[in-house]
1. Quick one: count up the residues across the range 298-326 that are touching a residue at least 60 places away in the same chain (Cβ under 8 Å) and over 18 Å from the mean Cα position of the chain (by Cα).
2. Is it the case that the range 122-129 has a residue that's part of a loop (DSSP other than H, G, I, E, B) and under 28 Å from residue 87 (Cβ atoms)?
3. What pairs come out if I take residues in the range 134-150 that are part of a helix (DSSP H, G or I) and pair them with residues that are surrounded by fewer than 17 Cβ atoms within 10 Å (Cβ to Cβ) whose C-beta lies under 8 Å away, six or more apart or interchain?
4. Does residue 281 qualify as being outside the structural domain of residue 18 (by TED's automatic domain parsing), part of a helix (DSSP H, G or I), at pLDDT below 85 and touching a strand residue (DSSP E or B) at 6+ places or on another chain (Cβ under 6 Å)?
5. Assess whether residue 109 counts as being more than 22 Å from residue 20 (Cα to Cα) and at pLDDT 95 or above.
6. Show the residue pairs meeting these rules: Cβ distance below 7 Å; 6+ apart or different chains; first residue within the range 68-81 and within 22 Å of residue 4 (Cα to Cα) and not assigned by TED's automatic domain parsing to the domain that holds residue 17; second residue loosely packed, with under 13 Cβ neighbours inside 10 Å and at pLDDT below 90.
7. Among all residue pairs at least 6 apart or on different chains, which show Cβ distances below 8 Å where the first residue, located in the range 101-122, is on the phi > 0 side of the Ramachandran plot and the second is surrounded by 13 or more Cβ atoms within 10 Å (Cβ to Cβ)?
């Protein structure tokens with residue numbers, strides 16, 4: 001089992017929804033499933049099973065989740081199998097589902113049960129043919145490279161005024177900004193939010209200087225707890241966050257100072273907390289998804305380290321994942337951004353030169369995020385890694401993020 005969550009952004013770079021991309025079996029290890037064996041899996045709504053297992057709180061309860069259905073699985077007992085609020089689920093169909101009466105009736109039933117509906121892959125020439133299905137849809141996903149948004153917006157506004165348009169295949173910030181200016185889409189999906197910074201032309205803000213100083217202290221060998229506590233004391237948000245985490249661990253202890261709280265947490269746990277909490281604060285003026293991406297990469301990398309026979313480097317793997325978007329956080333090229341923090345040569349080689357042993361884990365994580373499951377399957381086959389262990393590592397990362405930053 002493999003699964004990942006792909007974010008959909010709105011016009012303000014917020015994330016109102018995620019799309020579940022999933023693969024039940026490693027098709028390279030089980031080639032029989034590529035043929036008629038694939039029909040054995042087609043009747044299950046895999047994305048729904050995953051959300052049932054994860055719970056919506058792993059995604060955030062105020063967001064919708066897009067889950068794919070095919071021409072077979074759409075007839076599964078979705079209504080009774082769904083263990084979460086159906087109003088948060090958007091069932092995503094492909095144009096391979098034809099606008100015949102049986103599908104029209106099925107979509108009508110699902111809509112009455114509270115599910116939202118979406119369709120993707122339609123071409124201009126199919127809009128009229130799919131009219132009976134489009135009239136039931138809440139969203140339509142369009143490849144913006146193949147669609148004139150002015151024409152599409154006019155067409156859908158006249159015929160389906162409540163239908164929302166989503167742009168897919170948005171792979172650069174320039175594309176995103178151009179599309180938002182045209183005001184035709186409500187959401188956007190693509191890799192544009194991860195585009196590396198090419199030119200560093202901004203100074204680091206004063207508050208961020210404090211955060212970087214703190215990162216440098218805790219990532220130095222045998223750092224001083226007192227020095228770290230004194231810098232934490234300069235920032236109210238960090239003090240509150242520190243007290244919250246210490247109170248979770250020691251509910252019956254009376255904390256008398258920031259230094260006391262730091263001592264109670266201990267050097268190892270304080271280092272780990274600072275690296276995550278400070279990164280979160282550094283991301284405060286960035287889209288929320290950058291924070292989430294940084295922290296999930298950190299925990300996922302740490303969890304993957306043993307699977308790549310690098311368990312002894314799990315702490316470094318955590319930092320590598322954490323700082324893998326520091327170029328975006330600081331608006332500087334990666335090499336320049338990393339020069340401001342003290343990280344090992346292995347981390348620098350992976351993030352700047354794309355070299356060294358850590359690179360294979362970094363590549364694996366990025367391919368996993370992008371749902372490039374064929375490449376992931378190839379790497380797992382070569383490394384003799386069980387896909388269920390990778391899935392468990394990812395789900396555990398989501399749970400860690402939820403417990404650390406969403407649950408109060």
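The values are calculated or read from the model by the stated rules, or taken from the named source; none is laboratory data. Everything numeric in this text was worked out from a predicted model, so none of it was measured. Heads up, the Cβs are rebuilt from the backbone with ideal geometry, glycines too, and the neighbour counts pull from every protein chain shown.
1. Here the count works out to 2.
2. Checked against the condition, which is being part of a loop (DSSP other than H, G, I, E, B) and under 28 Å from residue 87 (Cβ atoms), the range 122-129 yields at least one hit.
3. Sorted first by the residue in the range 134-150, then by its partner, the pairs are 134/127; 134/159; 149/182; 150/182.
4. no
5. Yes.
6. none
7. Close Cβ pairs satisfying both conditions: 114/86; 121/94; 121/95; 121/141.
Quick grid of which residues meet (1) closer than 30 Å to residue 163 by Cα; (2) at pLDDT 75 or above; (3) more than 28 Å from the chain's Cα centre (by Cα):
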| position | (1), (2), (3) |
| --- | --- |
| 182 | yes, yes, no |
| 189 | yes, yes, no |
| 206 | no, no, yes |
| 215 | no, yes, no |
| 225 | no, yes, yes |
| 229 | no, yes, yes |
| 232 | no, yes, yes |
| 246 | no, yes, no |
